[in-house]
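*Asks:* Pasting a structure here, questions to come.
What follows is calculated from the coordinates using simple rules that are stated; it is not laboratory data. Keep in mind that what you see is a predicted model, and the values were worked out from it rather than measured. Quick reminder, even Gly has a Cβ in these numbers, built from the backbone with ideal geometry, and neighbours come from all protein chains shown.
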Amino acid sequence: MAPQRSESFHRSPRLRPLNRILVNILLDGILAAVAAPIARWLAAPQDGLLHPLWFLAGGAITLVVSGLPFRMPQQYWRFSGVSDLLGIAGASVASALLFSAGLVLMGYHLPSITFPIIYALVLLIMLGGLRIGYRLAHRMAVRKADQRRVVLVGVDTVADLYLRAIERNPQAGIRVVGLVALGTHQAGRRMHNVPILGHVDHIGTILDRLARTQTLPESLVVTEPSFRGKGLTQVLDAAAAHGIAVLRTPALTALTPADRVELRPVPLEDLLNRPQVPLDRAGMERLIGQRTVLVTGAGGSIGSELVRQIAMLKPDKLILLDHGEFELWQIDMELADSAPNVSREAIVADVRDEARIEEVMGRFRPDLVFHAAALKHVPIVEANPAEGLLTNVHGTRVVADAAARHGARAMIVISTDKAVNPSSLMGAAKRAAEMYCQALDIRARTSGNPEAMRCITVRFGNVLGSTGSVVPLFRRQLERGGPLTVTHPEMRRYFMTVSEAVGLVLQASVRGTCGGEGSGTDALLRDGGIFVLDMGEPVKIVDLARQMIRLAGLRPDEDVSIRFTGLRPGEKLYEELFHGREAPVPTDNPGLLMATPRVVDMADVTEAVDQITRYARAADVKAALRILALLVPEFNHNPKGEVRSSTPEGVENGAPLPSPHTDGTEQVA
């Protein structure tokens, strides 16, 4: 018995579609049999509704035969659409003509010359009406009182697909009760019978109106992928005032089932008002393709993203260099999956180790070097000043000199906005590294030797989600239920996504190595110019904290508190991208600006770096900082994290560099 039950179990699923087809044929045949006398009565009312059975059977048979080419038996009534109705229309016309021709051939006169038209219309109304009625009845049956009410922000293709997906599958438990337009002249109209409530600029007024009528939705769902920045922030603020979540739709297609449409939280990156900057992809491929590229700090936030994007440009060989074994292993394993065809080497090395860096450069002789290795966490560098100076100043010099000796075409140095009017050891050390690279680049560009290594410096602010940044900290604090810790209510920082920052770094690399001679940008580079990424407007950290709380579906200061902890050692309230006397100069590439800070003669900066290195190695931090202050006179150290009302104006651009030989103890031995 058991095998028989198993055979029956396996057979029934195959029989189920056939049973449904037979039911469709039976129902359509009954409708056609009823439609035939109705159509004859409409054509000739005096003949009445009573007709012989063969007349009814003829109507049923002709429809079944006529419906086969239009695949009417296979129609799925619950999902009937325009194409199904077109098939019904074609079958109705064919059946009316076939039935009329049969009556004439059997010697019966048509009740009127319009009988075929009337019969086709009656069939179309009865067959189509039954399917539409079934679909509506099914929708009403599955509609539940606890459906989630949402308002879509966007009247676009994605909104149309989303509405269609929900219509196809009401079991998703979502009911769209309104739309908010992003474009003009759309308010008051309807889309899939859903009203357009108004423009997104009036989102606060719209939600207030819905609140008064007690029809507030549970969520606002943003459908337009490009809607971000200030407009999205405005939506989040208005929603937060009414306790409503804001979500995004994923990428949808016309085939997406509604029950698989997983609405997701709005990513923090979408709140940055950053238009997409077109990148010179062809120039990047020419620069990197078929070349050996070395990336220092390859396991870090910037370094790993550099590695990812460089791997997509098909280098001949990619050298991953990092001092941290685990981070290096992580990015190496990631590349094994994402870019298995790219030849690569994972090198454990400290950029401060001259012999090791010299050996690596001599072995691989890279064409391009991207220097992202650095100590970047301000309080940690304050607590470990000698290490910060050795890594950020001496390490940069070691990599640059070794790369130049072994024929590198260019070295691209990642710098930071904290190097501008620095108040921290980390920022001052990065400014010293900038100055060394400026001097190296000026010497190369003015030497007349086209083979001399270019040294391109790129300066930018914080990247979202980078190691040690505020965003991962806030996320961890949110997971614990808060509070979120902010140093000061007026703390502001520049932010950019890591992928965008690295894309612009590569763009600057192309511009700095392959730019045409004679342009304004090239003249600035010859004068020691530094590329600065266009970071947009600075963001208040406390506002960022509040938005992250809202994105988590919580209320700031109610569900999660914000606690101010005071500035940390080396910090200042405002970071800058340009020194006091610098004016940002646009370049011929969007997203890239140029700064022309004070430059120092190569011999002077080399002597200063030598002394800083020697004192740092001897753990004589006080002497090392004296030399650093002479090299970077705008360095206004803030070791106690004091709140300062304003940042002193830098003395860059033309101010002379005080000689490091101020007393006998600071002379190079």
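*Asks:* Beta carbons within 10 angstrom, averaged per residue: use that to sort the peptides 492-501, 563-572, highest first.
*Replies:* Details: 492-501: 20.6, 563-572: 17.6.
Highest to lowest by the protection proxy: 492-501, 563-572.
*Asks:* While we're looking at this one, here's another question. Place the peptides 87-98, 370-381 in order of packing, highest mean first, counting for every residue the other Cβ atoms within 10 Å and averaging per peptide. Mind dumping the intermediate values first?
*Replies:* Numbers: 87-98: 21.3, 370-381: 23.4.
Sorting 87-98, 370-381 by mean packing, highest first, produces 370-381, 87-98.
*Asks:* Ordered by packing density, taken as the mean number of other Cβ atoms within 10 Å over each peptide's residues, highest first, how do 211-217, 400-406, 620-626 rank? Kindly include the intermediate steps, with their values, before the conclusion.
*Replies:* On the way: 211-217: 12.4, 400-406: 19.6, 620-626: 17.1.
Order by mean packing, descending: 400-406, 620-626, 211-217.
*Asks:* Right, here's the next one. Below 12 angstrom from the Cβ of Thr157, what's the summed charge of the other residues (Lys, Arg +1; Asp, Glu -1)? Walk me through the intermediate numbers first.
*Replies:* Details: positive: Arg164; negative: Asp156, Asp160, Glu224.
Neighbour charge sum, excluding Thr157 itself: -2.
*Asks:* Okay, next question. Would you order Trp329, Trp54, Trp41 from fewest to most other beta-carbon atoms within 10 Å of each residue's own beta-carbon?
*Replies:* Details: Trp329 15, Trp54 10, Trp41 18.
In order of increasing Cβ crowding within 10 Å: Trp54, Trp329, Trp41.
*Asks:* Toward the positive end of the charge dipole of region 280-363, about the Cα centre and with charges on Cβ (Lys, Arg +1; Asp, Glu -1), which of Leu306, Met361, Met284 goes farthest?
*Replies:* Met284
*Asks:* Another question about this same structure. Could you list Thr249, Thr205 in order of exposure, starting from the residue whose Cβ has the fewest other Cβ atoms within 10 Å? Don't jump to the answer; show the numbers that get you there.
*Replies:* Details: Thr249 23, Thr205 13.
The order, fewest Cβ neighbours first, is Thr205, Thr249.
*Asks:* Using a Förster distance of 41 angstrom, determine the FRET efficiency expected from the C-beta separation of Trp329 and Leu473, and round it to 0.05. Working shown, then result.
*Replies:* Values: r = 25 Å, r/R0 = 0.60.
Between Trp329 and Leu473 the formula returns 0.95.
*Asks:* Take the Cα radius of gyration of region 281-666 and divide it by 2.2 N^0.38 Å, with N its residue count; two decimals is plenty. Before the final figure, lay out each step's value.
*Replies:* Details: Rg = 20.5 Å, N = 386, 2.2 N^0.38 = 21.2 Å.
The reported ratio for this selection is 0.97.
*Asks:* Could you tell me how far the Cα centroid of region 304-364 sits from the Cα centroid of region 150-204, in Å?
*Replies:* Rounded to whole Å, the Cα centres lie 48 Å apart.
*Asks:* Please list the radius of gyration and Dmax for region 270-388, considering alpha-carbon atoms only, with Å as the unit.
*Replies:* 15.6, 46
*Asks:* Right, next: Only counting other Cβ atoms within 10 Å, I'd like Leu506, Leu294 sorted with the fewest neighbours first.
*Replies:* Fewest-to-most Cβ neighbours within 10 Å comes out as Leu506, Leu294.
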